[in-house]
Amino acid sequence: MTWDPAAVPNAHGKTVVVTGANAGVGYFASEQLAAAGAHVVLACRSPERAEAAVSAIRRRVPGASVGATPLDVADAGSVTEAADALLQRERVDVLLLNAGIVHPPADRAVDARGNELVLSTNVLGHFQLTALAFPVLERTPGARIVTLGSLATLLSRFPVDDLQLDGSYNSWNAYAQSKIAAQVLGFELDRRLRAAGKDIASVVVHPGYSTSGRTPGIRGVNQPSKAKRFADNLQAAWTQGKDHGAWVPVRAALDPEVRGGDFLGPRWVTKGAPARALATRTSRDRTVGARVWELLEEYTGQRFTVAP
């Protein structure tokens, strides 16, 4: 299973929706998918940043088919409106669940429903969006749902009944546990899709150790300071730019050899061309998956039944 990031399959006719696509891995995945011919929808919280990203893609990819739709994954109302907009589309071939808080607040914060903010942003909003937009995925032959995980999942415990970190919050645990929950959700969704006989694949990926200081500068999208570039380049032996980190979700979106339940990451763990990777045992645990699904339904108030 090899992949050349410079020879991406033709994606003309496909519609790809990328959450949190105005910066980072989400932006570069969107740019690369647009360059492959896909119609790319950038689902972003900030209209101004979304427009800057759309303009950048159009500058860098002549003839790109790209647009934007409002989405704040930590706002249940915004998620509902975004899902309604997706349901108006004829097809959605790939739903790339990328949006997230990478640098959590020092102190615990909550969304309007009282859910811990990092969990809400990195997991709950995507769960709700996927559940509500599921009909358009069902009517798109060979649709894929790609969930962005993280190397941080290797470095944290996962007390499944303390996802809200009520009384045990710190910023590191908030990020790492939210990413474990995201991976758990991606694999559990695949099991349910297969059991129901759906022609939809759920794939989980991680982008390695991708830093902004090793990423091409793009006005309005990625503008690291000289100090940031200097510091990040000191780690060049084991890091890569976010443009290279984006190779992984792009492969998950377009490679015909990718199957539901696959886990992809950089070949050399922190950097390199995308390849199959090993997910943590917890991420793939069926019992954990079933419990997390129950909790996500409870926290969001959103039932998500994958029926035959």
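Only helices (runs of 4 or more DSSP H) wholly contained in segment 245-308 count here; list those with 1 or more residues that are over 18 Å from the mean Cα position of the chain (by Cα) and among the aromatic types (Phe, Trp, Tyr).
By residue number, 286-300.
Residues being in a loop (DSSP other than H, G, I, E, B) and closer than 25 Å to GLU138 by Cβ: count how many of those fall in segment 84-123.
So the count comes out to 8.
With among the hydroxyl-bearing types (Ser, Thr, Tyr), buried (at least 24 other Cβ atoms within 10 Å of the Cβ), in contact with a Lys or Arg (Cβ under 9 Å, 6 or more places away or on another chain) and within 23 Å of THR287 (Cβ to Cβ) as the only criterion, which of SER178, SER156, SER202 stands out?
Selected residue: SER202, the only one of SER178, SER156, SER202 that is among the hydroxyl-bearing types (Ser, Thr, Tyr), buried (at least 24 other Cβ atoms within 10 Å of the Cβ), in contact with a Lys or Arg (Cβ under 9 Å, 6 or more places away or on another chain) and within 23 Å of THR287 (Cβ to Cβ).
Identify the residue in segment 64-81 that is aliphatic (A, V, I, L, M) and under 16 Å from the mean Cα position of the chain (by Cα) and, among all such residues, is surrounded by the fewest Cβ atoms within 10 Å (Cβ to Cβ).
ALA74
Using beta carbons and a limit of 8 Å, which pairs, at least six apart or on different chains, have the first residue in segment 220-248 and modelled with pLDDT under 80 and the second one of a type in the set (Asp, Glu)?
PRO224/ASP232
Do you know which residues across segment 141-178 are polar (S, T, N, Q) and either touching a residue at least 60 places away in the same chain (Cβ under 8 Å) or in contact with a Gly (Cβ under 8 Å, 6 or more places away or on another chain) (or both)?
THR147, THR153, GLN164, SER171, SER178
The values are calculated or read from the model by the stated rules, or taken from the named source; none is laboratory data. Since we're looking at a predicted model, the values are computed, not measured. Don't worry about glycine lacking a Cβ; one is built from the backbone with ideal geometry, like all the others, and counts go over all protein chains shown.
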